[in-house]
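Worksheet for the structure shown next.
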Amino acid sequence: MKVGGGWVWRLLLLSSLTVAIVAAHEREPELDVSDDDSGLDEEELKVLMAEDGDEEEEEATVMDEEPAEETDEVATDSNVTFQVMYKTPVPTGDVYFAQTFDDGSLDRWQLSKTMKEDADEEISKYDGKWAVEPLKLNKVPGDQGLVLKSRAKHHAISAMLDKPFVFKDNPLVVQYEVNFQDGIDCGGAYIKLLSDAGNLNLEQFHDRTPYSIMFGPDKCGEDYKLHFIFRHKNPLNKDVEEKHAKRTDVDLKKFYTDKQTHLYTLVLNPDNSYEMFIDQSRVSHGNLLQDVVPPVNPPKEIDDPHDSKPDDWDERAKIPDPEAVKPEDWDEDAPAKIEDPDALKPEGWLDEEPEFVSDPNADKPEDWDEEMDGEWEAPQIPNPACETAPGCGEWKRPMVNNPQYKGKWKAPLVDNPNYQGVWKPRKINNPDYFEDLQPFRMTPFKAVGLELWSMTSDIYFDNFIITSHKEVADRWASDSWGLKKLVASSNEPGILAQMRLAAEERPWLWVVYIMIAFLIIGLTVLFCWPKKLGYDYSYKKMDASRTSIEEEQEEEEEEEG
């Protein structure tokens, strides 16, 4: 069979693309942060290949330890394949709060000293431990974060803003980093923006401390969430109710399982629109007036709670036909099953042999007391005589469906001429109705807090910023999270390692790899060792023709001589 070179190359290209697509599909996708947009100047970031002997471990710094003296020196780490010159990010615009932990200090933060209400005394204390330390993997030397260190404990820590945020004319931008370094079983990594109440005491921060907004990742079981909850005050009775934004538009699982540092951003605008970003890619958006549950504004009308359905209200859409008559030949007593009249007893059926017999090898137990236990009987076993026979005991015809069976007769259904529809109570004006067209104007807040319970430790937080300018938060991210992303990308395995890891998670990929390998081998053989039978035959045929001609010429010369 002759194979066109163009077709073969297309097939080979398709195979290569298949491998690339599979590998790319299995690899956790990264959200784009290009070098052009990273905002990292050459003076701020110098990436060089690290020497093997220049490794240096960084120690965790707990709350009471002295702060590190320098944060912008060149350092190396055993988990980093780069030598990095890191510089602590500095806000480029007006901010309400900006916090790195590069100096190793938690002086700005206050641990809660209270207890959780409505909980057993043993677990009600906020005694979870916090530490300031670098990442376990993909460390950026000189960079540190706040780490939740305890399992199955309540944690609460908070800090005051530089100035309160008032919801009026400026947007709100909240941003911070999270890394589930050991994965996450059940727990959250969300933050609370604590309301500006006159009695706010950070030492008494607990689960019921009033907050204006709660934002961030949360997971339990296989339920992966990105919370955005705000507390709305009813203008009539002053009751406060939590409003939950709709679920995100993407699958969040990878952000909880890949052990990478991810950037979470909330943007809330005075026009009531909101956006949520992970790693600077939008994962959800909406409007406070349309996309939260329960709705901000109650309905204008409600069902009358005192209305009741009339006794003669007919909700039956269909009724039995009152004019229908049961056919005379309808037999309601005919059984659904009858004996098969065509069945015949198999030859060799042993009618006199029972299916089971007493075990002849069984012995009565020595401690058997017939007065207490009754007369002893040997256990029953299948009759050995029936093993070669089609059956034993009384033969019975098998049951089959009765062709005459019709069941109980029922009149067919027809439209109900008196049908009035499904009854609904009448509507009345809602006495609790109000209309708040500016839910953005929430209760001002003046502190940020982490109040968490987790079954997994070593949850890493870093680079909190609260501002009114998205570009300020973006530049802050470029100078901090962008560098973490760069280091993590440099440490990722090559394409072959990624394919192996993908196949370990999905064994069926080995079949794909093997098929592609055989295809490539086959194409290689086809190109390098083409068939030569036709050419050999032609050469042999031409040689035979020459030989016969030469022999004829020799014979003619001999005759002439």
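The values are calculated or read from the model by the stated rules, or taken from the named source; none is laboratory data. Here the structure is a predicted model, which means the values were calculated and not measured. Reconstructed Cβ throughout: ideal geometry from the backbone, glycine too, with neighbour counts over all protein chains shown.
Points to keep in mind about this one:
- From VAL283, VAL267, VAL296, residue being among the β-branched types (Val, Ile, Thr) and free of Cβ contacts under 8 Å to residues at least 60 places away in the same chain: VAL283
- Strands (runs of 3 or more DSSP E) contained entirely in the stretch 183-292, each with at least 1 residues that are within 30 Å of TYR433 (Cβ to Cβ) and in contact with a strand residue (DSSP E or B) (Cβ under 7 Å, 6 or more places away or on another chain): 191-195, 211-220, 223-233, 240-245, 262-268, 273-278, 281-287
- Scanning the stretch 402-442 for residues that are hydrophobic (A, V, I, L, M, F, W, C), modelled with pLDDT of 95 or more, loosely packed, with under 13 Cβ neighbours inside 10 Å and over 30 Å from SER195 (Cα atoms) yields a total of 2.
- Any hit, the stretch 302-323, residues being modelled with pLDDT of 95 or more and under 19 Å from the mean Cα position of the chain (by Cα): no
- Which numbered condition THR456 fails, given (1) loosely packed, with under 15 Cβ neighbours inside 10 Å; (2) at pLDDT below 90; (3) part of a loop (DSSP other than H, G, I, E, B): (1)
- Residue within the stretch 120-134 that is over 30 Å from the mean Cα position of the chain (by Cα), of a type in the set (D, E, K, R), in the same structural domain as ASP94 (by TED's automatic domain parsing) and assigned to a strand (DSSP E or B) present: yes
- Condition met for PHE180 (assigned by TED's automatic domain parsing to the domain that holds TYR460, in contact with a Lys or Arg (Cβ under 7 Å, 6 or more places away or on another chain), outside any loop (DSSP other than H, G, I, E, B) and in contact (Cβ under 8 Å) with a residue 40 or more places away in the chain): yes
- Verdict on SER480 being touching a strand residue (DSSP E or B) at 6+ places or on another chain (Cβ under 8 Å) and within 29 Å of ASN201 (Cβ to Cβ): no
- Residues being at pLDDT 90 or above and among the basic types (Lys, Arg) - total across the stretch 89-120: 2
- Among the candidates LEU106, LEU193, the residue that is touching a Ser or Thr at 6+ places or on another chain (Cβ under 6 Å) and closer than 22 Å to THR467 by Cα is uniquely LEU193.
- Search result, residues across the stretch 131-140 that are surrounded by fewer than 22 Cβ atoms within 10 Å (Cβ to Cβ) and touching a strand residue (DSSP E or B) at 6+ places or on another chain (Cβ under 6 Å): ALA131, GLU133, LYS136
- Picking from residues in the stretch 94-119 that are touching a Leu at 6+ places or on another chain (Cβ under 8 Å) and in a loop (DSSP other than H, G, I, E, B), the one that is surrounded by the most Cβ atoms within 10 Å (Cβ to Cβ) is PHE101.
- Odd one out for GLU394 among (1) under 30 Å from PRO341 (Cα atoms); (2) among the charged types (D, E, K, R); (3) free of Cβ contacts under 8 Å to residues at least 24 places away in the same chain: (3)
- Residue match in the stretch 477-498 (condition: under 25 Å from LYS446 (Cβ atoms) and at pLDDT 85 or above): yes
- Check on ALA152, surrounded by fewer than 21 Cβ atoms within 10 Å (Cβ to Cβ) and either in contact with a helix residue (DSSP H, G or I) (Cβ under 9 Å, 6 or more places away or on another chain) or not assigned by TED's automatic domain parsing to the domain that holds MET115 (or both): yes
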